[in-house]
Each structure stands twice: as C-alpha cells, then as structure tokens.
1. With viscosity set to 0.692 mPa s at 37 °C, what whole-number translational diffusion coefficient in µm²/s follows for the stretch 404-452 from Stokes-Einstein and a Kirkwood radius over Cα pairs?
2. Which FRET efficiency value, to the nearest 0.05, do you get for Leu348 and Val312 by plugging their Cβ-Cβ distance into 1/(1 + (r/R0)^6) with R0 = 25 Å?
3. Calculate the FRET efficiency for Ala289 and Leu200 from the Cβ-Cβ distance with a Förster distance of 25 Å, rounded to the nearest 0.05.
4. If packing is taken as the average number of other Cβ atoms within 10 Å across a peptide's residues, how do 281-291, 30-40 rank, most packed first?
5. Would you mind working out the accessible area per residue for the stretch 311-407, using a 1.4 Å probe, and quoting it in Å²?
6. How many nm is it between the label spots at Arg254 and Ala429, if each spot is 7 Å from the Cα in line with the beta carbon?
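The values are calculated or read from the model by the stated rules, or taken from the named source; none is laboratory data. Small disclaimer: the values here were computed from a predicted structure and weren't measured. Positions of Cβ are generated from backbone atoms using ideal geometry, with glycine treated the same way; all protein chains shown enter the neighbour counts. Accessible surface is based on the protein model in full, side chains and every heavy atom, while ligands, DNA and RNA are left aside. Shrake-Rupley method; radii C 1.70, N 1.55, O 1.52, S 1.80 Å.
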Amino acid sequence: MTAAQTRPRPDPRPRPLNDATTTSKHTGRRAWTVTGLLVVFMMVNFADKSVLGLAADEIRADLGLTATQFGLANSAFFLLFSLSGALVGLLLADRVKAKWLLLTMAVLWSLAQIPPAIGGGLAALIGSRLVLGAAEGPAFPVAQQTALSWFPDHRRNLPGALVTLGVTLGVITAAPGLTWVIQEHGWRAALWVVAGVGALWALVWSVFGGDGAYRTDDTPGRDAPAAQDAGASPADAAGAEAALPGYRRVLATRTWIGITLAYFTSYWIVGLMVAWLPSYLRNGLGYAADTAGTLVVTPWAVGAVVLLGQAVLTGRLMRRGVGSRTARGRIGGAMLLIGAVSLFCVPLVDGTPAKTVLLAVGLGTGGSYATIAATTIAELAPPRRRGGALGTMNALVTTAGLIAPVVVGRLIDTQGDAGYETAVLLSAALLSLGALASFTLVDPARDAARLRA
C-alpha cells in the first residue's frame with residue numbers, strides 16, 4: 001500500500017465552526033442592513049410629519065387659517081395616530097411579520113400626501129393628516145421592535161438609538177431641502193416630494209427588509225415558538241403560553257407606568273417642534289424664512305448627539321454590571337431634567353442668539369427620550385408581549401402630539417408672539433414631571449424579575 005493510499009482523506013463535510021462563523025457574519029451584515037433601512041424609514045416618517053410645520057406661514061396665508069385652526073390641522077394627524085398604534089401593537093405586532101406591516105405603512109404614507117398636493121382647503125388637509133396619522137401611528141414601535149429583533153439585549157442600545165436617530169436625520173436632511181421647495185415651488189410641491197421618497201423606500205424594503213431571530217425569543221439563534229413546539233406536546237405548549245404574564249400585568253408595572261409618563265413629556269416636545277418651531281423662529285425670534293429653515297435643525301442635531309451619547313454611556317454602564325435602573329431610568333431622567341432647566345432659562349436671558357442656544361439644548365435634550373423608552377420596555381416585557389407593550393405605550397405617549405399643537409396655537413391666538421414663550425415654560429414644567437417619573441419609577445430589571453416570578 002502506497003503512502004498516497006494510506007494518507008487520510010479530507011472530510012468532505014463542512015466544519016461546524018466555519019459554518020457558524022459564516023452564518024454569524026451573514027446575520028451581522030443583514031442585521032445592520034435592516035437597521036440602516038429602518039433609519040431611513042424613520043427619516044421619511046418624520047419628513048412627512050414636519051412638512052406642515054416648515055410651511056406653517058405659507059399654509060396659513062394660502063388657506064386663511066388662524067393659529068388655532070392650523071394647530072387643529074396638525075393635531076388631526078395624532079387623532080388616529082395613537083389609536084392605530086395601540087391596535088397594531090396589541091393585535092398585529094406580535095402576530096404579523098414586521099416586514100409587511102412596515103411596507104403597508106410606507107405605501108399608505110405616500111398615498112395620504114396626494115389629496116392636499118392636488119388641491120383643496122382645510123378639509124382636505126385635515127383628512128390627509130388623519131390618514132397619514134393612522135398609517136404612521138405604529139411606525140416607531142414596529143421599527144424599534146424590528147431592529148431589536150436582530151440583536152440580543154446587551155447589544156440593543158446602539159441599533160435602538162440609530163432608529164430613533166432617523167427622526168433627527170429626517171429633519172436635518174429634509175428641513176433645508178423642503179424649505180427651498182416650499183419657497184420656490186409652493187407647499188403642495190413639497191407634499192409630492194415626500195410622497196415620492198416614501199414610495200421609493202417601500203420598493204427597497206420589499207426586497208431587503210425582514211425580521212430577526214430575536215423577534216419572539218431572547219435566546220440566540222432560535223425562534224421561541226418553533227423551538228418550543230418542536231418537541232413539546234400541546235399541553236406543554238399551552239402551559240408555556242399560560243405562564244406568560246398577561247398585558248395587564250406588564251402595563252401595571254411601575255417601570256411601564258414611569259416610562260410612559262416620562263416619554264409623554266418628551267413627546268410633547270416633539271409635537272411642539274414639528275408643528276410650531278419653524279414659526280417660532282420666524283415670528284417669535286425674528287429670523288428670516290430661509291434662516292429659520294436652517295436653524296430648525298439645531299434642536300434635532302443636539303438630540304442626535306444626545307441620543308448617541310446616551311446609547312454609548314448606557315451600553316458601557318450595563319457591560320460593567322451597572323443596573324438598568326441607573327443606566328436607563330436615571331440617565332433618561334437626567335436628560336429630561338437638563339431639557340427642563342434649559343427651557344426655564346429661555347425667558348430669563350436677553351438676546352436672540354442666547355435664546356436660540358437654550359432653546360436648541362432644551363428641546364434637543366428633552367425630546368430625546370425615545371430610545372430609553374423603547375429599550376426599557378424591550379427589557380421589561382417578555383418577547384411575546386413586547387410588541388403590545390411598546391404599541392400601547394406609544395399610543396398613550398403620542399396623545400401629547402394631539403394636544404400640544406392646539407394648546408400652543410390657542411396660546412398664540414390669545415397672547416400673540418408672547419404665546420411662544422408661554423409654551424416654552426409649559427414644556428419645561430412637563431419635562432420636570434417626566435424627569436421625576438423616570439428617576440423614581442423606572443427599574444426594568446426589578447419589574448422583569450417580578451413578571452417572571
């Protein structure tokens with residue numbers, strides 16, 4: 001027998017380690033591809049919402065609207081926004097693939113822009129905003145749930161922050177461009193632009209979008225229902241389902257209540273910025289329209305820095321063993337408190353530049369609680385209750401967007417330009433209450449352990 005004949009033949013079977021490494025790399029690339037698409041999704045989402053605020057003076061002049069009527073048109077967006085967010089969260093988010101939910105939303109956004117883009121007055125504007133709000137209501141929680149489904153808990157802070165950052169990037173990229181379109185071609189042309197961008201995103205997502213392996217289970221590499229059902233009897237499966245805490249128990253925890261209260265005050269800031277910040281810069285602080293269109297991005301830019309900083313700090317603290325009560329609840333409370341103090345100082349300083357800086361810091365920091373809220377609920381709720389817990393929180397929180405535009409519009413109608421600063425002080429007071437709730441109620445590790453028990 002020759003040496004060639006005695007030489008052991010190579011094993012033709014693939015090596016498990018190499019397969020695992022290849023799969024891990026592929027999954028990692030796919031996870032960040034999906035996350036990137038979801039960032040763009042939120043950019044389009046917020047460009048859709050912000051276009052009315054950017055064209056506030058033009059729309060009021062064109063349609064002959066009072067500040068209260070314009071505020072009503074903005075609030076109409078949130079009338080079905082909260083309801084659809086709750087219904088999708090409770091009925092569909094944990095049952096239907098997020099890929100198809102997000103695709104449907106994006107298509108509806110684009111269609112909703114068409115009626116006022118074609119023509120019509122206040123009724124067409126309100127009707128369009130109602131449909132747009134219903135389609136966008138579930139967007140943030142479903143996008144967060146989808147992004148987080150690609151990562152285990154200890155790696156969720158960055159993708160969660162990036163998806164939230166899409167809101168900021170949407171304003172930063174859209175505000176100057178849409179302002180130019182509004183000034184040069186009219187506010188209806190801007191609606192056609194955002195409709196086209198939404199349709200393009202839907203096309204790309206239909207090809208590359210998808211759900212991750214952590215959608216229904218926090219155990220890497222397996223889908224909980226499939227794994228449980230593979231070797232389990234119907235009685236075992238029923239027992240596992242019965243062992244899950246119901247939504248009522250999840251929503252009754254101190255953490256869920258505290259997060260929802262704190263996020264409500266932060267979302268009030270978002271509603272204020274979307275509807276009235278461009279008008280405040282022009283009429284309250286005296287900036288020209290093109291300058292206001294550029295400066296409107298400053299609070300969102302501050303928010304972007306805060307979001308990324310919070311994500312890095314929270315992730316570092318948790319990797320070092322610091323509890324999420326501090327890493328999420330107290331860090332989030334500090335952000336809201338900084339926002340409150342900054343806004344309280346706006347009426348106390350003289351000079352437009354100083355007011356603008358304080359406004360940017362206060363609004364940007366105070367409006368950046370969304371990632372804290374989403375990752376905290378993701379830690380608190382069992383995977384198969386996560387979509388409903390996020391959707392219900394988002395539905396309640398976004399009622400702030402329904403209330404804020406009308407309240408601020410009423411203040412402007414009754415107080416004139418002084419109503420802007422009254423609105424700022426009211427927002428500062430609300431952020432103070434939100435900070436208190438975040439500091440005292442939020443402890444997801446404690447409440448998650450109680451739910452498991």
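1. Numbers: Rh = 13.1 Å.
After rounding, the answer is 251 µm²/s.
2. Taking R0 as 25 Å, the efficiency between Leu348 and Val312 is 0.20.
3. On the way: r = 28 Å, r/R0 = 1.12.
After rounding to 0.05, the efficiency reads 0.35.
4. Details: 281-291: 16.5, 30-40: 18.9.
Ranked by mean Cβ neighbours within 10 Å, highest first: 30-40, 281-291.
5. Values: 3160 Å² over 97 residues.
Averaged over the residues of the stretch 311-407, the accessible area is 33 Å².
6. 2.7
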